[in-house]
Structures are given as structure tokens and as C-alpha cells.
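Structure record follows, encoded as C-alpha cells.
The values are calculated or read from the model by the stated rules, or taken from the named source; none is laboratory data. These figures come from a predicted structure and were not determined experimentally. Neighbour counts run over all protein chains shown; Cβ positions are idealised from the backbone, glycine included.
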Amino acid sequence: MKTIALLALMVGLSACTSTSTHPITDQQGAVIPGSIASLEAIQLGGVRQWILIRGKSMTNPILLKLHGGPGQAEMATVAFNRQLEDEFVVVEWDQRGAGKSADAINPERAMTTDQFVQDTHELTRLLLQRFHQRQLILVGHSWGSIIGLLAVQKYPQDYQAFVSTGQIVSFSQGMAVSYAFLLDEAKRRGNTEALDQLSQIGPPPYQGPDSKSRRDVYEKWLGHFGALWHGNTGFDRVGWMISSVEYAWPEKLAFERAAERSFDLLLPQLATTDLATTVPKVDVPVYFAVGRYDHLAPYEISQAYFTHLQAPAKTWVWFENSAHFPQWEEPQKFHDLLTQKVLPETEGLRVRSTDK
């Protein structure tokens, strides 16, 4: 009986985390030689964090993605941009406190913007050394767009380009603009329920004891009015989690709780973020992929920032059928942006470390 109980315990523990991802195969189902499909735990900033690496060739340029939130790990969305694996070594990273890296929320004192930038830099250096490259392309979504710009500002030598989606410039200013949009849209549509609920929660910032319930109402109407997802209204993070092989069931069930803890810890810093002041200039080419209907990170604010941002080259691309998630609402256009603009326009910067 003891042996059976021990075996059951071992099986239970092994099921607490997933350590595999689907291999990259050809049309006949054979693993493509030289490809990589690896789900790994590594040490970043002194804590255990998880990365997913996928690509048809390990000699392709590296694409490191910084997820949104804080705390909204995106490893389960890898299938949405599967085409990118043809031209890149795609790296999805569950940041400390998020997804598979939920336990890395401790020590909580390390949950700071500066630490996330340092984690990004440490991961960047590990990837460049591992794949014998000098620079990589950094993609930042929403919260990740803040960390991304801070990272390329501080360590420009490591980055071939920075690509932004759902760019946050000033979180507090963005929420104020979003709230005004919601009121105007509710009036335009004659939606009295929305007007009543929005009036009850009042304008942001939403901090304090009832902050989550007020943010829930705010985000509910952003979603209802097509300001989170515009063309694709079937957004379902629960569905992503269920279908993902990269997350074990305990990780799937703990996902939202971890995200909420991360958000709560980082909100005070996020609320004071103003990239117009802290990042007026970067020394790498930047590309802003912007959803025409994004009112979570209002394009009016990111456009004003982009106009004044100093960079060696900068490109603004409208995604006309998207809101806050252009990379998933219009995946083909996002793929084309990276492969037909970003790569050819910055390829000269990508020198293999062995050529230095």
C-alpha cells in the first residue's frame, strides 16, 4: 500500500507542471531536422522562470516576446502566430509571477519594473549566447511594451528592433481617456445600463478596497464596445488554457489567481508610468503595430508619444480590423510586418557573435 501511495504521489507531483510542447514536424509528421521545440525552466534574477522556444531552424533570427498584464502570460497563445516559427526562433516567456512562473512572485519585493527589465536583459543575453547571435528582435505587448521600451533604451546593443502592440505610454492617462470613450460610446448607443454602471464606478484610477470590482465593470464595457477585441469577439483565455499542452491542469487552474496577484503588486508602479518622460529616445528602430479600435491602450496617446519619440527609424502601422490585440486579430498582417518590413529593414544589424 505504501508503494502504491508513493507512486500516486509521484504521479501527482509530476502532473503539477508540463515540460513538453508539440514538436515541429513536416507534412508527413516527421520532426524537421534542425528545428527546436523546447519548454524549459531557467534561472532569471535568482528565481525559476519558464520559457518556450519554437522554430523550424535554430539559425533563424530570435524573436523574444514580452507578454501583457502584468501577469497575463501568453504561452498558451503560441498557435495564433504559428507562421512566425518558419522565419524565427520564437521565444515565449512567462514572466515572474505569471503562468508557469507563478511561484517566482516570491520574493514580492522583487516585483518591480526595474527587476522585469533586468530579467529581460538576462534572458536576452542567455538567448544570444545560446544561439550564437549578436542581437534579437523584441516584441512587447501592452505591459510588455513598457518593459520592452525600457529594455531597449538601457541595452540598445542587444536589440535589432523593437516591435510594439497595444503600446501603453501612461497607464493613468490611458484609463482616463478610455473611460471618456466608454461614456461617449454608451451615450451614442443609448445604452442606459452601461451609463448607469459606469456612473456608479466613477472615473479611474481604480485603486483601493473595491478596485477590482470597479475595474471589472470598466473592462466589461471595453469588451462590449469592441475596444479590446474588435473583429474577433471569440476571445477566450479559458479555451486557450484548456487546449494548451504547455500548461498542466494545476497551472491552468492557478493562472488567473497568479495574474491578479502580479497585477496588484505592480499596479502602484504601473499607475505612475509615463514613457513620454522616462523614454523620450531609443537607439534602435521601432515599429508600432496599432489596432484602430484600441481603447484599452488608447491609440491617441501612443500616437502622440510616437510622434515625439526619437529613434534611428520608426514605423507606425494601423491594423484596421483590430483593437488591443492586433497580433492575434490580424495574424497574417502581423506576420508580414515582421517578415517583410522589420527583418529586411534591420537585417544588417543582425551579426552572428562568431563574426564579431
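Looking at G231 and the list (1) out of contact with any Asp or Glu (no Cβ under 7 Å at 6 or more places or on another chain); (2) among the small types (G, A, S); (3) touching a residue at least 40 places away in the same chain (Cβ under 8 Å), which single condition is not satisfied?
(1)
Might you check whether a residue that is in contact with a Lys or Arg (Cβ under 7 Å, 6 or more places away or on another chain), in the same structural domain as L275 (by TED's automatic domain parsing) and within 22 Å of L337 (Cα to Cα) occurs anywhere in segment 159-168?
Yes; the residues of segment 159-168 include at least one that is in contact with a Lys or Arg (Cβ under 7 Å, 6 or more places away or on another chain), in the same structural domain as L275 (by TED's automatic domain parsing) and within 22 Å of L337 (Cα to Cα).
Where in segment 244-356 are there helices (runs of 4 or more DSSP H), lying wholly inside it, with at least 1 residues that are in contact with a Lys or Arg (Cβ under 9 Å, 6 or more places away or on another chain)?
Hits in segment 244-356: 249-271, 299-308, 326-329, 331-336, 343-346.
From the list Y247, Y299, Y287, which residue is among the hydroxyl-bearing types (S, T, Y), in contact with a Leu (Cβ under 9 Å, 6 or more places away or on another chain) and crowded, with 20+ Cβ neighbours inside 10 Å?
After applying the criteria, what remains is Y287.
Please determine, by comparing only the residues of segment 241-284 that are polar (S, T, N, Q) and touching a helix residue (DSSP H, G or I) at 6+ places or on another chain (Cβ under 8 Å), which one is farthest from S101 (Cα to Cα).
Out of the qualifying residues, it is T278.
Which one is nearest to P280 (Cα to Cα), of the residues in segment 132-151 that are assigned to a loop (DSSP other than H, G, I, E, B) and of a type outside the set (K, R)?
The extreme case among them is S142.
Counting only residues that are free of Cβ contacts under 8 Å to residues at least 60 places away in the same chain and of a type in the set (D, E), how many does segment 50-92 have?
2
Please work out which one of (1) modelled with pLDDT under 95; (2) surrounded by 21 or more Cβ atoms within 10 Å (Cβ to Cβ) is the condition D264 fails and give its number.
The number of the failed condition is (2).
Name the pairs whose Cβ atoms lie under 8 Å apart, with the first residue in segment 318-337 and more than 19 Å from G174 (Cβ to Cβ) and outside the structural domain of D294 (by TED's automatic domain parsing), the second among the charged types (D, E, K, R) and surrounded by 23 or more Cβ atoms within 10 Å (Cβ to Cβ), and 6 or more positions between them or separate chains?
Qualifying pairs under 8 Å: none.
Identify, from the list Q135, Q95, Q160, the residue that is surrounded by 21 or more Cβ atoms within 10 Å (Cβ to Cβ) and closer than 18 Å to A76 by Cβ.
Q95
Among the candidates N60, N81, N106, which residue alone is surrounded by fewer than 24 Cβ atoms within 10 Å (Cβ to Cβ) and touching a His at 6+ places or on another chain (Cβ under 8 Å)?
N81
Determine whether K341 is of a type outside the set (S, T, N, Q), farther than 24 Å from A73 by Cβ and surrounded by 15 or more Cβ atoms within 10 Å (Cβ to Cβ).
For K341, the condition - of a type outside the set (S, T, N, Q), farther than 24 Å from A73 by Cβ and surrounded by 15 or more Cβ atoms within 10 Å (Cβ to Cβ) - is met.
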